[in-house]
Amino acid sequence: MTAAGGTVTVPDVGSIAFPPQAFADAATVRASVTHEPEVDDLFNATAATLLSADHRVPYELRVDVGSAQPAAAATVSLKLPAPYRATLRSTSQIRVFAANVWDDPDSAVATFEMLPERFPFTSESVTVSVPPHFFTDGVGGGGTFTLTLLVATAPTVPDEATLPPTESADTCSGATLRPPLDGELTVTSPFSTRTHPVLKKVHQHSGTDYQAAEGTNVKAMADGVVEYSRYEVKESNGTVVGYGHYIVLRHKDGSGSLYAHLQEGSLAAKGTAVHAGDTIAKSGKSGGVTGPHLHVEYSPNGTVFTKDSRVDPAACIGAGPTGSITVQDDNSPGSAFTVAVDRRHVCEVTVGGQRSCVIGGLHPGIRQITITAMPGTGGDHTRYKIILNDGLKFPNGATEQTDYIYWLTRSNTVNVNVPEPAK
Ligand SMILES: [Zn+2]
């Protein structure tokens, strides 16, 4: 393939088209169809579990582009085999899943992500735009960039197309947190889900790094219990990556926070109950680091080790109204819904995936919470429970509400009174 771009076709399966300037130098693009057990494993562990994906086409498309990531998105069209289409039902939509590797100094994991295009279950073919970062050279960087794509179904989601985009980077998507260190906080590496502007490879950083000399006291960002207190490193192509000594706190609103690269021997034990501001460890330089610092992660929905559920903790640290709203499912397999605040989409509870949403950083006054049901598996309704924490109340003074939504009704809206922050 030259700088003029071009198209590679796999007979009976589909085609991959690259626009002009996708490659600076001539590139050899090879497309093949495979069905590897490790792709099945990755699909089952990530897309099926976290995104409720099901009914996958029994092969995957692999596109090998050589030693350089493309500079522009590729357009991929895939035909859907007739026997596969015969198994689909109207409660499903067809989606395309692309393998991705989150490779940063703190952790390195492979996962399947769902591309945004949606297709009705009657489709005979699908066409998607695949951004450059899905051409990945693997954990630690193997030097050969490959795209792995597959087709599967996901539950239909009503009205999602009309929802505004999720929170902006500087908006706290969880509860208000206490600082993890005393004194002035200096961010040495911000939370980032974007393509690095200089490095050719995508740089994902799902936490915030703070400047901290070895031995600095690390503080709990909210009340909770030590859920994990342990050590983890991986070796990846000769480089050490991983959290080193780290702590995960489970907070009373269901959220989780993680503190990494801590000093050996300084960690609070698993099961210890802590209050916001308590010392839980000393900072250090264990694990995959170039120097001492504190790496902090925050997962408002509580699924701590799922990259997509983490939000920027820095946006949640500091002043602001306290209190948060937890919306959780009832542990039945069919419950799935989205939650919006003042019509702003905040998060989702998915079938087999995350079980609760925690919403904080709310402005004082009456806030409108809208829960929209997504058809799940079995039954005709979705159950949920709303728990108001730290001074928030429903207009009738209650702090808990259990209710359900028929899928045909689709949504319920309730008002929540958020008090002015205490002076
Ligand atoms: Zn970090």
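How much FRET efficiency would the formula 1/(1 + (r/R0)^6) give for residue 231 and residue 59, where r is the Cβ-Cβ distance and R0 is 41 Å, rounded to 0.05?
The pair residue 231/residue 59 has a calculated efficiency of 0.55.
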Other-chain or far-sequence residues with amide H under 5 Å of residue 374's (modelled H): 336, 337, 338
In whole percent, what relative contact order does the range 187-316 give with Cα contacts below 8 Å and a gap of six or more residues? 29
State the number of lysine pairs found in the range 187-316 whose Cα atoms come within less than 19 Å, restricting to pairs 8 or more positions apart or on distinct chains. 9
A student applying the Cα gyration tensor rule (rounded when a/c is under 1.5; otherwise prolate if a/b is larger than b/c, oblate if not) would label the range 6-156 oblate
Per-residue HN-Hα couplings for the range 413-418, Karplus 6.51 cos²θ - 1.76 cosθ + 1.60 at θ = phi - 60°, whole Hz, x for Gly and Pro? 10, 10, 9, 10, 8, 9
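Using the count of nearby Cβ atoms within 10 Å as a rough guide to exposure, how do 339, 33, 126 rank from fewest to most? All intermediate terms of the calculation are to be shown ahead of the outcome.
Details: 339 22, 33 13, 126 19.
Ranked by crowding around the Cβ, least crowded first: 33, 126, 339.
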Taking the Cα atoms of the range 324-418 alone, what are Rg (to one decimal) and Dmax (as a whole number) in Å? 12.6, 39
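Gain in length, residue 87 to residue 186, computed as 0.36 nm per residue apart minus the alpha-carbon separation, to one decimal in nm?
30.2 nm is the gain from fully extending residue 87 to residue 186.
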Suppose R0 equals 35 Å. What FRET efficiency, 1/(1 + (r/R0)^6) with r the Cβ-Cβ distance, do residue 25 and residue 305 give to the nearest 0.05? 0.35
Residue separation times 0.36 nm, minus the C-alpha to C-alpha distance between residue 117 and residue 368: what's the value? 87.4 nm
Listed by chain and number, the aspartates and glutamates with an alpha carbon less than 13 angstrom from that of residue 385, same-chain partners under 8 positions apart left out, are 253, 329, 330, 400, 403
In whole Hz, with x marking every Gly and Pro, tabulate ³J(HN,Hα) for the range 391-408 from phi via Karplus 6.51 cos²θ - 1.76 cosθ + 1.60, θ = phi - 60°. x, 6, 9, 6, x, 8, x, 6, 10, 9, 8, 10, 7, 9, 10, 5, 4, 6
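Can you order the peptides 412-418, 183-189, 130-136 by their average number of other Cβ atoms within 10 Å per residue, highest first?
On the way: 412-418: 16.6, 183-189: 12.1, 130-136: 21.0.
Highest to lowest by the protection proxy: 130-136, 412-418, 183-189.
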What full-extension length gain, to one decimal in nm, is calculated for residue 420 and residue 214 as 0.36 nm per residue of separation minus the Cα-Cα distance? 70.3 nm
Residues meeting the amide H criterion for residue 323 (H placed from the backbone, H to H distance under 5 Å, 5 or more places apart or on another chain) are 176
What FRET efficiency would be calculated for the residue pair residue 127, residue 413, taking the C-beta separation as r and a Förster radius of 30 Å, to the nearest 0.05? 0.25
Starting from the amide H of residue 189, placed 1.01 Å from N in the peptide plane, find each other amide H under 5 Å away whose residue is 5 or more places distant or on another chain. 209
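Since every read-out is calculated from the coordinates, none of them should be taken as a lab result. Bear in mind that the values here come from a model prediction, so they are computed numbers and not experimental data. Note: ideal-geometry Cβ built from the backbone for every residue, glycine included; neighbour counts use all protein chains shown.
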